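J.: So that we are looking at the same thing, I have put the structure below in structure tokens.
The values are calculated or read from the model by the stated rules, or taken from the named source; none is laboratory data. Worth saying up front: this structure is predicted, and the values here are computed from it rather than measured. All Cβ positions, glycine included, derive from the backbone under ideal geometry; neighbour counts span all protein chains shown.
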Amino acid sequence: MNEIAAPVKGTRPEGAVNELDASRKVREMFTQIAPRYDLLNHLLSFELDRLWRARAAKCLRSILDRSDALVLDLCSGTGDLAFALARGGKARILGADFAHTMLVRARAKAASHPALDGANTFAAMSFFEADALRLPFADASFDLVTSAFGFRNLANYKAGLREIYRILKPGGTIAILEFAEPPQGFLGDVYRWYFTKVLPKVGWLISGHQSAYKYLPKSVARFFRPPELAGLLGSIGYESVDYRAWTLGAVALHTGIRAAEK
Ligand SMILES: C[S@@+](CC[C@H](N)C(=O)[O-])C[C@H]1O[C@@H](n2cnc3c(N)ncnc32)[C@H](O)[C@@H]1O
């Protein structure tokens, strides 16, 4: 693999002195905001978060429709992407996250909506407590590994991409849905004003947690631009790397494939 240097190594919440500390701070933050996480997600995105996850699921439909496919939703949180992937599909979906309180909510949501219209059921979904940088899964286990708004929070992006590569089957797909900085121009400026000035205040007011909702715009500003993330995926060894930008470029879905064995 011919790797390029990443402009940033991983997320660094305020005060984090090293990778381990950054990881610990991220975990604590999500552990604390779990009770209001879903409400704020829907409110602060004007419900667009549901649309983005549904769109991502639509893009991955050919895998999700296969009854033999095994899918891992990483940084699954309260499970909303995992549920969007399961809706109407046949693949077996697992979720993993390192914040216990987020997973408690995911499991409760799965239990309260056991039936689905397709062959899948939420009740059949499993949620595991695991660190994305050290996953408790064997090599070449999954047909698809996804992450929505989680990858940006990893303390080491290259290590995260390598770990996902390891657990993907040859020919398996990675799909990362993440925020991106919107382009310049009037609408981009309005969005930036909302994201950096309004959102942190509303988030603080409702969650009671000031730093978490200040961290969100800061972590997005530090994160890769979509072409950079595509380059990083390619440098790790993913093939057919592509991305689609949605909603004025405020979010992007990156996909890539673990090379098939020759
Ligand atoms: C913004 S939430 C996204 C949750 C969900 N995917 C969604 O679409 O709403 C980010 C999640 O990533 C998880 N996370 C961050 N770093 C992680 C890591 N190293 N290992 C496992 N989970 C991690 C956090 O605990 C949190 O639940």
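J.: Looking at (1) farther than 15 Å from Phe30 by Cβ; (2) within 9 Å of the ligand (Cβ to nearest atom), find the lone condition where Leu72 falls short.
T.: (2)
J.: Scan (1) near the ligand (Cβ under 10 Å from one of its atoms); (2) over 19 Å from Phe127 (Cβ atoms); (3) of a type outside the set (A, V, I, L, M); (4) without any contact (Cβ under 8 Å) to a residue 60 or more places away in the chain for the single condition Lys58 breaks and write down its number.
T.: (1) is the only condition that Lys58 fails.
J.: A further question follows. What are the pairs, 6+ residues apart or on separate chains, where a residue within region 25-36 that is closer than 16 Å to Gly10 by Cβ and in a helix (DSSP H, G or I) has its Cβ under 7 Å from a residue that is near the ligand (Cβ under 7 Å from one of its atoms) and among the aliphatic types (A, V, I, L, M)?
T.: Arg27/Ala99; Phe30/Ala99; Phe30/Met102
J.: Which of the residues that make up region 12-28 are within 18 Å of Pro200 (Cβ to Cβ) and crowded, with 18+ Cβ neighbours inside 10 Å?
T.: Arg12, Pro13, Lys25, Val26
J.: I need the helices (runs of 4 or more DSSP H) fully contained in region 45-141, keeping only those with at least 1 residues that are under 15 Å from the mean Cα position of the chain (by Cα).
T.: Result: 48-59, 80-86, 100-112.
J.: What's the total number of residues in region 231-262 that are among the hydroxyl-bearing types (Ser, Thr, Tyr) and farther than 15 Å from Leu144 by Cβ?
T.: 3
J.: From the list Ala91, Ala132, Ala69, which residue is of a type in the set (A, V, I, L, M, F, W, C) and either within 28 Å of Gly203 (Cβ to Cβ) or out of contact with any helix residue (DSSP H, G or I) (no Cβ under 7 Å at 6 or more places or on another chain) (or both)?
T.: Testing whether each residue is of a type in the set (A, V, I, L, M, F, W, C) and either within 28 Å of Gly203 (Cβ to Cβ) or out of contact with any helix residue (DSSP H, G or I) (no Cβ under 7 Å at 6 or more places or on another chain) (or both) leaves just Ala132.
J.: Something else about it: Regarding Asp143, is this residue among the acidic types (Asp, Glu), at pLDDT 95 or above and within 9 Å of the ligand (Cβ to nearest atom)?
T.: When the stated conditions are applied, Asp143 does not pass them.
J.: While we're on this one: Filter region 242-262 down to the residues that are farther than 30 Å from Phe46 by Cβ and surrounded by fewer than 22 Cβ atoms within 10 Å (Cβ to Cβ) and list them by number.
T.: Within region 242-262, Ile257, Ala259, Ala260, Glu261, Lys262 qualify.
J.: Further question on the same structure: Being more than 11 Å from the ligand (Cβ to nearest atom), under 16 Å from Ser141 (Cβ atoms) and of a type outside the set (Lys, Arg) is the filter here; which residues of region 76-95 pass it?
T.: Of everything in region 76-95, those that are more than 11 Å from the ligand (Cβ to nearest atom), under 16 Å from Ser141 (Cβ atoms) and of a type outside the set (Lys, Arg) turn out to be Ala91, Ile93, Leu94.
J.: Sticking with this structure for a sec: Does region 185-201 include one or more residues that are over 30 Å from Phe137 (Cα atoms) and at pLDDT 90 or above?
T.: No; the residues of region 185-201 include none that is over 30 Å from Phe137 (Cα atoms) and at pLDDT 90 or above.
J.: Follow-up question, since we're still on this one. Just one of Leu51, Leu43 is free of Cβ contacts under 8 Å to residues at least 40 places away in the same chain, surrounded by fewer than 20 Cβ atoms within 10 Å (Cβ to Cβ), out of contact with any Gly (no Cβ under 8 Å at 6 or more places or on another chain) and among the hydrophobic types (A, V, I, L, M, F, W, C); which is it?
T.: None of the other options fit; the residue is Leu51.
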